[in-house]
Every structure is written in C-alpha cells, then in structure tokens.
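Working notes for the structure below.
FYI, it's all coordinate maths here, none of it is from the lab. The structure presented is a predicted model; accordingly, all values stated were derived computationally and were not measured. Note: ideal-geometry Cβ built from the backbone for every residue, glycine included; neighbour counts use all protein chains shown.
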Amino acid sequence: MNVEETIKLEQFLKLAQVTPTGGQAKLLIQSGQVRVNGVVETRRGRKLRPGDRVEAGGEVLIVMSEEE
C-alpha cells in the first residue's frame, strides 16, 4: 500500500525556517504573500505534496519527501 505524504503549508513554512513561529506563518499566508505552484494560497491548512513549489519570504522552495 502506498500512502502519499502530505504536510500542511503552515507546518512547511516553519520547518523550512521561512517563519520562526506558526503565528507568523499564519499571518504571512493570510496576507496573500505565499504562492503554491504559482497561485496565491491563503489557507494555512493547504496540504502540500512532494513536488509542490512554494514561494514565500523571497524564497522558492520545493516540497520533497523524506526518501528524497
């Protein structure tokens, strides 16, 4: 059985050290300053999958699985 890995956008921004706290990640997302695959994303619970491209805080990040 293959279970697809996901991570919430808010958690990803903290893990990638774009923001130091979940509260700051929430503000960044809700202010329209985050793009996922080129589209503005305002839902902090948006589930990201390996290969998704996140633009935030002047950085471009690609979601990777733990195996990569």
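List of remarks:
- Stretch gain in nm, segment E67-T42, where the contour uses 0.36 nm per residue and the Cα spacing is subtracted: 6.2 nm
- 5 angstrom amide H check on K8, placed H, neighbours 5+ away: L48
- Summing charges over all other residues whose Cβ lies under 15 Å from the Cβ of I29, with Lys and Arg as +1 and Asp and Glu as -1, gives +3.
- With Cα atoms as the point set, the chain shows a radius of gyration and Dmax of 11.4, 39 Å.
- Using θ = phi - 60° and Karplus 6.51 cos²θ - 1.76 cosθ + 1.60, couplings along segment 25-32 (whole Hz; Gly, Pro as x): 4, 4, 5, 4, 5, 5, 7, x
- About the Cα centre, charge dipole magnitude for the chain (Lys/Arg +1, Asp/Glu -1 at Cβ), debye: 420
- In the chain, taking the dipole from charged Cβ atoms about the Cα centre, the farthest positive-side position among I62, L9, T42 is held by T42.
- Rounded to the nearest Hz, the phi-derived 3J(HN,Hα) couplings of segment 51-60 under the Karplus curve 6.51 cos²θ - 1.76 cosθ + 1.60 (θ = phi - 60°) are x, 5, 10, 10, 10, 7, x, x, 10, 10, where x marks glycine and proline.
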